[in-house]
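Structure record follows, encoded as C-alpha cells.
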Amino acid sequence: MAKEQFATCPEWCMPSEGTWVPYDLTRDDMKKTFNEDIRQFPLTYIGQVSPSIVGWSAYKQAGVEAKSNSMTHALITTTGLSSTGIVEEIQAVLKEADVESTVFDGITTNPKDHECEAAYAVYKEAGCDGVVSVGGGSSHDSGKAVRLQAWLEQNGDDRKLRDFACNLNPHYTTKMPTFPDISGIPQVAVNASTGTGAQFTSTAVINDTELQYKLVVVVPGGLPSVAIDDPLLHRTQPPHVLAGAGMDAIVHALESLTGRLNCPVARSQSLMGIQYMANNLREAVGNPQNHQAMENVVWGMVLCSYGFLKVGAVGVIHTLAHMLGAMGDGMAHHGLANAIFMIPVSRWNMIANPQAYKDVGLAIGMEDIRYQMPIHAAEATIDELEKLRNDVGITNCSLKQFDWFMEKPDDYIEHAAIWGYNDFTREANNRQTSPQDLKDLLYAQIY
Ligand SMILES: [Fe+2]
C-alpha cells in the first residue's frame, strides 16, 4: 500500500499496513467493491446534499420552491406538529404559489413501512405530483418513501420498500446498481428538527415492522429538491425534543470525526458543528426564545449533518439507536436513542482512535487537555459530552424505561445483535465490532 496516498491524513488516521480488511466481506466481494492494494475504504465518496435555504422566515420560500420544481399538487407528509400551526402555514404558502396540497399526518417517530404505504395511497388518490415534507426526519424520510413508491408504480416495477434496504450482507454496493433514480419526483423538505439531517440526504430510514429492523433505503436522486431550515420553526420544538435532536446532531459529528471514513472534508464541518452545538444547545433548550442560541444550533445541525452526510458516515451509536427505534412499539425517539448510547459506546470505541476524541475536546474548548496523552484526553472529552447530555435533561439512559423491552430483554438483545450487525451504519465505526460486542453494550445499559 502506498502511504503517500494518505498524504492528507493526519498520523492518527493512517491505516497500518495490512491490518484493515473490511470485515464481513468475502474475498470476492472485496474484489468487486474494494481496491485490494488499500485495505481501508480506498475511495472517498464526497456525497451530494440538497440545496438549502437557511434563515429566519425561510419557510415562506416553500411555495416558490415547490412551484419551480414543477409541483402542482403536493402531498404534505408530516407527524402533524400538533398545535404549532406550522402545517396550516405551509399550506397557505403553497396556495399563494398556486400549488394545491393534501395533508397526510399519520407519520409517527421512526416512520413505519405501513405508514409510508398509507401516505402513498393518499398521494395517488389525491393526484399529487410531488411531496412537501414538514417536520423532522420521520416526515422527510416517509416523503422519500412516497416518491420511491410513486416511481415504482409509474414504471411498472413491483419491488417493495424492503427491496431497497442497504445492508452489509449482502453488501449494499452489489444491489445499488439496480436502484432507480427518483429525482424526477420533487420534494421540498421544510425542516423543523435540529437533528437528523434527513432534509439534506437521499437516505430514507424506515421501520420494517414485521422484521423489526431499520430499512436504510438509499436510492439515487432520493435527496429532496431543496431543504429549508428556519429557526422560527425549530424553536417550536418542546425542550426535551430539542435536547434529543441536538444529541443526534452531536453524534453525527462525533461518529464522522472518529470513524473510519473521516477525512478533511468531514473534519472541517463536523468539528465546527460540534463546537456550535456544545456552545449553544444548553441555552436553546433552556430558553427557545433565545434567538441567537436557536439560530446557532440550527447552523450547528447543518454543519454536523454535512459532516456525516457528505463523507464521514456514522457508527455503532447509530447502529444501536436504529435497533432500539425499530423494535417493540417503534416509538423510541431517534434523538433519545442516540443520547442513550452516545456515552457508553464512545467509552468502548475510544481505544481505536483516541486522538480523534481529543480533537473533539479541543474543538469544544477543553484547553486543559491539550498536553494530555490522547487516551486521557479522550476520557475527559467523553465525560464533558456526558455533562452536556445531562445538562439538557437527558439523565435516564437505562433501557428499563422501555416497558416493552423489559418484557423480554434477552430476546430483544439477541435480535438487536443479529440485525444490528448487518446495519449499514456499522461499517464505518472506528472499532471493529462483533455481534457479542453489540450484546455486551446493550446488556450494560440495563441498570
Ligand atoms: Fe441520526
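The values are calculated or read from the model by the stated rules, or taken from the named source; none is laboratory data. A quick note: this is a predicted structure, and the numbers were derived from the prediction, not measured. Backbone-built Cβ (ideal geometry, glycine too); neighbour counts: all protein chains shown.
Restricted to region 231-244, and to residues that are farther than 15 Å from residue 283 by Cβ and within 16 Å of the ligand (Cβ to nearest atom), which residue is surrounded by the most Cβ atoms within 10 Å (Cβ to Cβ)?
244
Just to verify a result, which residue in region 60-83, among those that are in contact with a helix residue (DSSP H, G or I) (Cβ under 8 Å, 6 or more places away or on another chain) and part of a loop (DSSP other than H, G, I, E, B), is nearest to residue 233 (Cα to Cα)?
81
Out of all the residues in region 219-230, is one or more in the same structural domain as residue 114 (by TED's automatic domain parsing), more than 16 Å from the ligand (Cβ to nearest atom) and surrounded by fewer than 20 Cβ atoms within 10 Å (Cβ to Cβ)?
yes
Kindly check whether there is at least one residue in region 255-262 that is outside the structural domain of residue 72 (by TED's automatic domain parsing) and over 21 Å from residue 46 (Cβ atoms).
no
Are any residues in region 84-99 closer than 12 Å to residue 71 by Cβ and either part of a helix (DSSP H, G or I) or in contact with a His (Cβ under 8 Å, 6 or more places away or on another chain) (or both), and if so, which ones?
94, 99
Among the candidates 139, 52, 68, 83, single out the residue that is surrounded by 20 or more Cβ atoms within 10 Å (Cβ to Cβ), out of contact with any Asp or Glu (no Cβ under 6 Å at 6 or more places or on another chain) and of a type in the set (Ser, Thr, Tyr).
Testing whether each residue is surrounded by 20 or more Cβ atoms within 10 Å (Cβ to Cβ), out of contact with any Asp or Glu (no Cβ under 6 Å at 6 or more places or on another chain) and of a type in the set (Ser, Thr, Tyr) leaves just 139.
Can you tell me which residues in region 187-212 are hydroxyl-bearing (Ser, Thr, Tyr) and either away from the ligand (no atom under 16 Å from the Cβ) or in the same structural domain as residue 300 (by TED's automatic domain parsing) (or both)? Give the steps one after another, and end with the answer.
Here is the first cut: in region 187-212, the residues hydroxyl-bearing (Ser, Thr, Tyr) are 193-194, 196, 201-203, 209.
The one that is hydroxyl-bearing (Ser, Thr, Tyr) and either away from the ligand (no atom under 16 Å from the Cβ) or in the same structural domain as residue 300 (by TED's automatic domain parsing) (or both): 209.
Residues that are of a type in the set (D, E, K, R), at pLDDT 95 or above and more than 16 Å from the ligand (Cβ to nearest atom): does region 130-146 have at least one?
Checking region 130-146: not a single residue is of a type in the set (D, E, K, R), at pLDDT 95 or above and more than 16 Å from the ligand (Cβ to nearest atom).
Among the residues of region 306-327, what is the count of those that are touching a Gly at 6+ places or on another chain (Cβ under 6 Å) and β-branched (Val, Ile, Thr)?
1
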